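**Student:** Submitted below is the structure of interest, expressed as structure tokens.
Derivation of every value follows stated rules applied to the coordinates shown; laboratory data play no part. As the structure is a prediction and not an experimental result, all values here were calculated from the model. Cβ: placed from backbone, ideal geometry, glycine included. Neighbour counts: every protein chain shown.
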Amino acid sequence: MDKMHKEEAVKTTYHEDTTSTDGSSTAEYDPWNPPYPPCPPAVGLSLSDSIRLVAKWSREKEAAIGAIRASSIIFPDRIPKEVNHVFYDRVHHLAPILDKDSVRRFLRFFRGNGAGMQWGSIITPEALNHMIAQNAVKCVKAALEGQAPELDGCRAGPNCMNQYGYYPLHRAAELFSVDMIQLLIRHGASANLRTAGAEVIEGLLPLHVAVENTCMHKYLEDSLFPNHEHRDYSEADAHFIFKLIHLLCLPEMKIFLDSTRLIAKHTDNLLDELWNYIKDGKLAETAVLLLAAQEQIRMGTSCKKIGNSKADGFQVIYKCIMDNSIKLQSEKGQNLMEKEELETKIKLRHTAMMLVHVISKAGEGLESYIRNHLEAPHFMQVPCLEVLERVSSILKDHGFSPAPECVDIRNLCPYHDVLSSEEIPRKPGESVADREALEMDYLRTVVNKISKP
């Protein structure tokens, strides 16, 4: 993470508080160690009453501190490694509970194994991370609310960084779980916190995770970048743009665009993030964000780098690309050593300008079509011909007529290594029932593989 991102992270993590327990001014408020009132004096009380008073004060103090920790931004992770080690020793018992998303069994497990799942009256970020990873929405909801008696006042914090340097919303974005993303945001998760630390790519927002993981989908990589290891946008043109749009309108892409749309709705300075993708020449990422977040872009959003404009964001971005293209053109005449690189950048700006223009005109029709998709299972045959005809029709209605041969998406292969029913090895003496069970297990394996693009 660069210096600016680190400074922003610190600013969002801590906030000023002018008072302390003794009334003096404090320069910085630490949500992990917030001020709390001292124990009231036990004047005139018996020994037993004094003990009860101290015990009551201690419980209330721990509950108050835990509530503050769970509702604040905690950066970095402050859970002792030993606590996480205890959790790792027991997590294999928790996994089947989370698979079934059984709140009752989760609470019972927590009561007996809380030592590895809690610290300082909060459910540890690592425990929450595992719950999100298994998409146990009901269990996560119970952990965020912290109301169940079995939790004994413990709660999970939606903005507590884990030991690897990312937050719960980053994990949910990675898994494209719309229900989990909605749940976290509803309980106060911020979409504007960035990753930090040596074990993660620094400076990533949840939005970046959603957008860039979407662009790793097999359909995009196979169709746009046959050589996965060397992405090259330098040859991108109108054909590239129209094929990219058709691919993003496939039913299988709906969940990725839905997740990105939801996160973008809560991300500040959205146009800045869009401009960064355009400036870096990342056309697929630009298309994903333009298509998924077009409602916010049309409304106009404040942004730091390219002006606090409330105008239509498509117009703002379009003008920004034009100004940058003019600047690159002038530099090309002055610097012959970098002429080829500058020409590539100029071409990418022109292609990005076309992409912005197409989605600004046809985006609402495309989004309506995408939102009406059914949640098609990945292993079902994709109605590519229907998508091709419908998307081409929407584009044509707005003045764009891509050549059919340039946007052909009928030969998509969801995955490479699927065996036919006849090719699955049959064991000696295997019954028909055993065979069907084997095929269903294999199908589940395939679905799990391709659901993580």
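**Student:** For a quick protection proxy, order the peptides 199-211, 96-108 by their average other-Cβ count within 10 Å, most packed first. Show your work: numbers first, answer last.
**Tutor:** Numbers: 199-211: 21.8, 96-108: 16.3.
The packing order, highest mean first, is 199-211, 96-108.
**Student:** Give the span of the stretch 170-247's Cα atoms along each principal axis, as three whole-Å numbers ordered largest to smallest.
**Tutor:** 43, 30, 18 Å, listed from the longest principal axis down.
**Student:** By counting other Cβ atoms within 10 Å of each Cβ, how are LEU274, LEU342 ranked from fewest to most?
**Tutor:** LEU342, LEU274
**Student:** So who's got an amide H within less than 5 Å of the one on ILE123, skipping anything under 5 residues away but keeping other chains? H placed 1.01 Å off N, in plane.
**Tutor:** ARG155, ALA156, GLY157
**Student:** Using 0.36 nm per residue, how much length does the chain from ARG90 to VAL54 gain when fully extended, once their Cα-Cα distance is taken away? It would help to have the intermediate numbers written out before the result.
**Tutor:** Numbers: separation 36, 0.36 × 36 = 12.96 nm, distance 3.34 nm.
Full extension of this stretch gives 9.6 nm more.
**Student:** How big is the C-alpha Rg of the stretch 102-248 next to the rule-of-thumb value 2.2 N^0.38 Å, as a ratio?
**Tutor:** Taking N as the residue count of the stretch 102-248, the ratio is 1.29.
**Student:** I'd like to compare 147-160, 279-292: which one has the highest average count of other Cβ atoms within 10 Å, and what's the full order after that?
**Tutor:** Result, highest mean first: 279-292, 147-160.
**Student:** Same structure, new question: Jot down the per residue volume, in cubic angstrom and as a whole number, of the convex hull over the alpha-carbon atoms of the stretch 1-204. Numbers along the way, then the final one.
**Tutor:** On the way: hull volume 27.1 nm³, N = 204.
Spelled out: Cα convex hull of the stretch 1-204, divided by residues, is 133 Å³.
**Student:** Continuing with the same structure: Please go through the residue pairs LYS265/LYS339; LYS243/LYS279; LYS81/LYS218 and name each one whose alpha carbons sit more than 29 Å apart in this structure.
**Tutor:** Check vs 29 Å cut-off fails for LYS265/LYS339; LYS81/LYS218.
**Student:** Give me a comma-separated list of calculated 3J(HN,Hα) values for the stretch 345-359, in order, Karplus coefficients 6.51, -1.76, 1.60 applied at θ = phi - 60°, integers in Hz, x for any Gly or Pro.
**Tutor:** 4, 5, 5, 5, 5, 5, 5, 4, 4, 5, 4, 4, 5, 5, 6
**Student:** What does the net charge come to around ALA210 if you take all other residues with beta carbon closer than 13 Å to its beta carbon, with K and R at +1 and D and E at -1? Before the final figure, lay out each step's value.
**Tutor:** On the way: positive: ARG171, ARG261, LYS265; negative: GLU174, GLU212, ASP258, GLU273, GLU285.
That works out to -2.
**Student:** Round to the nearest 0.05 the FRET efficiency obtained for ALA63 and GLU199 when R0 = 45 Å and r is the Cβ-Cβ distance. Present the calculation step by step, with values, prior to reporting the outcome.
**Tutor:** On the way: r = 32 Å, r/R0 = 0.72.
For ALA63 and GLU199, the calculated efficiency is 0.90.
**Student:** Starting from the Cα of SER234, step 7 Å along the direction of its Cβ; do the same at ASP268; then give the gap between the two resulting points in nm.
**Tutor:** It is 3.9 nm.
**Student:** Going by how many other Cβ atoms sit within 10 Å of their own, how do CYS215, CYS384, CYS139 line up, fewest first?
**Tutor:** In increasing order of surrounding Cβ atoms, one gets CYS384, CYS215, CYS139.
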